[in-house]
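**Student:** Below you'll find the structure I mean.
The values are calculated or read from the model by the stated rules, or taken from the named source; none is laboratory data. Please read these numbers as outputs of a predicted model, since none were measured by experiment. Please note: Cβ atoms are built from the backbone with ideal geometry, for glycine as well, and neighbour counts cover all protein chains shown. Note: accessible area is taken over every heavy atom of the protein model, side chains too, but ligands, DNA and RNA are not part of it. Shrake-Rupley method; radii C 1.70, N 1.55, O 1.52, S 1.80 Å.
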Amino acid sequence: MMQRRQLLGTVAGLTAAGVAGVGASRGAQAQSGTLRIASVGPMTGQYAAFGAQLRVGAEQAVADLNAAGGVLGQQLALEIGDDACDPRQAVSVANQMASRQVKLIAGHFCSGSSIPASKVYAEEGVLQISPASTNPQYTDAGGWNTFRTCGRDDQQGKVAGAYIAKTYPGKKVAILHDNSAYGKGLADETKKALNAAGTTEAVYAAYTPGERDYSALVSRLKSSGVEIIYVGGYHTEAGLILRQAKEQGMPVTLIGGDALVTNEFWQIAGAAGEGTLMTFASDPRKRPTAAEVVGRFRAKNVDPEGYVLYTYAAVQIWADAAKKANSTDPKKVSEVLKSGGPWNSVLGPISFDKKGDVTVPDYVFYVWKNGSYGEV
């Protein structure tokens with residue numbers, strides 16, 4: 001199980017030459033005339049690779065905005081919060097960020113953190129744009145303040161379930177999940193689409209995240225003759241389950257969602273990861289709208305994979321909406337976000353519906369080959 005960890009509340013440490021106001025420590029007041037925004041996610045724990053994606057995306061966005069004069073004449077100070085993908089810790093961090101009067105939360109990562117944290121932000125007057133939380137409940141049950149720059153599990157699961165049914169007719173399929181808001185939500189949406197296409201899974205089961213030995217689960221899959229394993233969950237467990245299945249001689253194909261979009265997956269799965277499939281939006285690094293920003297990342301030897309550019313876009317769009325509203329008041333910015341699109345961003349033009357969801361989701365399949373992934 002994920003360990004409860006001390007809250008970091010520490011500051012982003014990007015050191016762009018000549019750029020001021022990129023970080024502010026918990027113990028220091030932001031400089032006069034600065035605006036506080038924050039990025040919150042799993043900065044520690046087994047999903048820290050994704051927290052790092054959110055962090056560097058927010059840091060670069062803040063650096064670029066400050067270099068261009070800030071927002072409404074004010075420089076930005078970036079706070080970093082660590083929720084370790086723990087719902088209780090997420091609520092604690094949310095209260096801390098609200099007490100610091102941040103105007104925007106570019107986060108959280110895990111849906112299980114975003115959903116409870118969003119309630120705190122709604123009550124405390126904080127706008128939240130998640131770059132990665134895909135569970136429908138985040139916006140379906142959200143307040144005035146919930147937005148996301150990514151798609152939803154019901155959109156992603158529809159693509160995955162239909163693909164499995166069409167591509168692997170007659171194959172025995174297992175659907176696994178980790179009981180998290182993200183993992184179970186995605187697995188259930190994939191199951192719904194798979195069943196609607198006329199395929200019934202051979203195994204539907206939950207696993208406990210954070211364990212190292214999944215041999216009992218793998219043995220069950222093997223005895224059931226499973227050939228396709230769909231995992232609703234994160235790369236850490238998916239990589240282990242796949243590796244242990246291959247070690248037991250199972251000729252299986254693993255399919256997962258957007259939480260496999262990190263190079264850390266291959267570090268865990270190794271050669272067993274060859275041929276693994278996953279759903280994610282078309283590669284944002286290859287979009288013309290991202291070329292200039294991607295170049296700045298790569299000049300620093302940073303690969304803006306996964307949710308880096310989604311976080312950058314969250315900050316970028318918020319800044320443009322604040323300028324259009326001529327205010328950083330979160331409720332005024334929220335109103336403009338829902339009515340003032342499309343917003344130009346590194347991801348391309350983005351518009352939000354009345355719930356705060358993007359109006360044009362863009363899910364495609366990727367495949368892992370030789371230690372890297374690319375679109376199918």
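**Student:** Using the Kirkwood formula on the Cα atoms of region 212-329, what hydrodynamic radius do you get, in angstrom to one decimal?
**Tutor:** For region 212-329, inverting the mean 1/r across all distinct Cα pairs yields 16.7 Å.
**Student:** Before rounding to the nearest 500, sum -39500 (n - 2.57) across all DSSP H runs of length at least 4 in the chain and divide by the residue total; then give [θ] at 222 nm in deg cm²/dmol.
**Tutor:** Mean residue ellipticity, 222 nm, calculated: -12000 deg cm²/dmol.
**Student:** Ok, one more. Per residue, how many Å² of accessible area does the chain show with a 1.4 Å probe?
**Tutor:** 38
**Student:** Treating only the Cα positions of region 171-231 as identical point scatterers, give the base-10 log of I(q)/I(0) from the Debye formula at each q in 0.16, 0.24, 0.26, 0.29 Å⁻¹.
**Tutor:** -0.49, -1.01, -1.13, -1.26
**Student:** Could you state the angle between the C-alpha long axis of helix 235-247 and the longest principal axis of the C-alpha atoms of the chain, as a value from 0 to 90 degrees rounded to the nearest 10?
**Tutor:** With rounding to tens, the tilt is 20 degrees.
**Student:** If you don't mind, another one. Cβ neighbours within 10 Å, averaged per peptide: list 113-120, 310-317 in order, most packed at the top.
**Tutor:** 310-317, 113-120
**Student:** What list of ³J(HN,Hα) values in whole Hz, one per residue of region 77-82 in order, does the Karplus curve 6.51 cos²θ - 1.76 cosθ + 1.60 (θ = phi - 60°) give from phi, with Gly and Pro shown as x?
**Tutor:** For region 77-82, the Karplus curve yields 10, 9, 9, 10, x, 10 Hz.
**Student:** Pairs of alpha-carbon atoms within less than 8 angstrom and 6+ residues apart define the contacts here; what relative contact order does the chain have, in percent?
**Tutor:** The value is 16 percent.
**Student:** Using unit Cβ charges (K, R positive; D, E negative) and no other charged atoms, how large, in debye to the nearest 20, is the dipole of the chain about its Cα centre?
**Tutor:** My answer is approximately 180 debye.
**Student:** Peptides 35-44, 244-253: what's the order by average Cβ count within 10 Å, highest mean first?
**Tutor:** So the order, starting with the most tightly packed, is 35-44, 244-253.
**Student:** Next question. Straight-line reach from residue 192: which aspartates and glutamates have Cα under 13 Å away, leaving out those fewer than 8 places along the same chain?
**Tutor:** The reachable aspartates and glutamates, counting only those whose Cα sits under 13 Å from residue 192, are 153, 154, 201.
**Student:** Here's something else I'd like to know. Could you tell me how many cubic angstrom of Cα convex hull volume the chain has per residue?
**Tutor:** 119
**Student:** With a 1.4 Å probe and all protein chains left in place, how much of the accessible area of the chain comes from carbon and sulfur atoms, in whole percent?
**Tutor:** 49
**Student:** Another question about this same structure. Under the Karplus relation 6.51 cos²θ - 1.76 cosθ + 1.60, θ = phi - 60°, what is the ordered set of whole-Hz ³J(HN,Hα) values for region 116-133, x standing for Gly and Pro?
**Tutor:** Values, residue by residue: x, 5, 4, 5, 5, 4, 4, 5, 9, x, 10, 7, 10, 10, 7, x, 9, 7 Hz.
**Student:** Sticking with this one: Ratio to report: Rg/Rh of region 98-192, with Cα atoms as the point set and Rh obtained by the Kirkwood method; give two decimals.
**Tutor:** Rg divided by Rh gives 1.10.
**Student:** May I ask what percent, to the nearest 5, of DSSP beta bridges between residues of the chain are antiparallel?
**Tutor:** Counting DSSP beta bridges with both partners in the chain, the antiparallel share is about 30 percent.
**Student:** Counting only residues 5 or more places away or on other chains, whose amide H sits under 5 Å from the amide H of residue 148 once H atoms are built in the peptide plane?
**Tutor:** 130, 358
**Student:** Please list 96-108, 59-71 highest first by mean number of surrounding beta-carbon atoms within 10 Å per residue.
**Tutor:** With the highest mean Cβ count within 10 Å placed first, the list reads 96-108, 59-71.
**Student:** Please report the projected area of region 263-376's Cα convex hull averaged over all directions, in nm².
**Tutor:** Quarter of the Cα hull surface area: 8.3 nm².
**Student:** Starting from the amide H of residue 172, placed 1.01 Å from N in the peptide plane, find each other amide H under 5 Å away whose residue is 5 or more places distant or on another chain.
**Tutor:** For residue 172, the qualifying residues are 227, 228.
**Student:** Express the Stokes-Einstein translational diffusion coefficient of region 315-364 in µm² s⁻¹, to the nearest whole number, given a Kirkwood radius over alpha-carbon pairs, 4 °C and a viscosity of 1.567 mPa s.
**Tutor:** In µm²/s, the coefficient rounds to 117.
**Student:** So what's the net charge close to residue 282: Lys and Arg +1, Asp and Glu -1, counting the other residues with Cβ under 13 Å from its Cβ?
**Tutor:** With Lys, Arg at +1 and Asp, Glu at -1, the neighbours total -1.
**Student:** Using the Karplus curve 6.51 cos²θ - 1.76 cosθ + 1.60 with θ = phi - 60°, what ³J(HN,Hα) values do you get for each residue of region 359-376, in whole Hz, with x for Gly and Pro?
**Tutor:** Coupling constants for region 359-376: 7, 10, x, 9, 8, 9, 9, 10, 10, 8, 9, 6, x, 9, 10, x, 4, 5 Hz.
**Student:** Also, quick follow-up: Return the unpartnered cysteines for the chain, using a Cβ-Cβ cut-off of under 4.7 Å.
**Tutor:** 150
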